[in-house]
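In what follows, a structure is listed as structure tokens, so that the remarks can point back to it.
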Amino acid sequence: MRQFKFKLQALLRMREFKEDRVKVEMGKIVQNMNQIREQIAKINHYIDEGHEAYAHKSEDKDGARYFKFIGEFIHFQRAALKQKEKEMREWQAKYDTKIQELEVAMGEVKVIENIKEKRFGNYRKELNKKMEEDVQEVAIMRSGEQKD
């Protein structure tokens with residue numbers, strides 16, 4: 001009997017490739033999100049340092065320019081924090097979209113794999129049936145030879 005050949009194998013490979021591509025894209029998105037999280041943590045640290053410096057410098061009487069600098073520094077850092085949080089929301093939206101794409105891609109691959117398994121199961125049944133028929137045929141021939 002002929003060897004099992006799945007005619008949709010090329011389509012399965014294409015769907016698996018699409019799934020892998022989406023996973024790679026998700027990895028890049030996660031990498032960018034992690035970088036932004038680190039930047040947000042740094043900005044928060046800078047803001048905390050600015051507040052601490054402001055508190056310590058308030059004991060000095062001649063630090064008017066320093067107070068102004070610290071105030072502007074904290075204001076700038078808060079603006080940068082808002083910008084990074086906005087970027088993070090944008091990347092999160094992209095991540096959510098990629099998750100949906102990945103679910104669709106994985107579903108398409110699973111459907112084709114199920115079809116392949118079903119067809120392979122049918123092939124195995126036919127093969128076993130054919131082998132059983134061949135064994136019975138050989139047994140009949142041998143029993144016929146022994147009678148002669």
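Summary table
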read-out	value
Most mobile listed residue (Glu85, Glu101, Glu126) in the chain, GNM with C-alpha springs under 10 Å	Glu126
Under Karplus coefficients 6.51, -1.76 and 1.60, residue-wise ³J(HN,Hα) of region 111-120 in Hz, glycine/proline x	4, 5, 5, 5, 4, 4, 4, 5, 5, 5
Packing-based ranking, highest mean first, of 22-28, 118-124, 140-146 given that Cβ atoms within 10 Å are counted	22-28, 118-124, 140-146
J(HN,Hα) series, region 87-99, from Karplus relation 6.51 cos²θ - 1.76 cosθ + 1.60, nearest Hz, glycine and proline x	4, 4, 4, 5, 5, 5, 5, 5, 4, 4, 5, 5, 4
Residue-wise HN-Hα coupling along region 25-38, computed from phi with Karplus coefficients 6.51, -1.76, 1.60 (Hz; x: Gly, Pro)	4, 5, x, 5, 5, 4, 4, 5, 5, 5, 4, 5, 4, 5
Hypothetical label at Lys130: residues of region 1-28 whose amide nitrogen lies under 17 Å (7 Å Cα-Cβ projection)	1-7
Where labels lie 7 Å past Cα in the beta-carbon direction, separation of Lys68 and Glu145 in nm	11.2
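Laboratory data are not the source of any read-out in this text; all were calculated from the coordinates shown. All values reported here derive from a predicted model rather than from experimental measurement. As a convention, Cβ positions derive from the backbone with ideal geometry for all residues, glycine included, and neighbour counts pool all protein chains shown.
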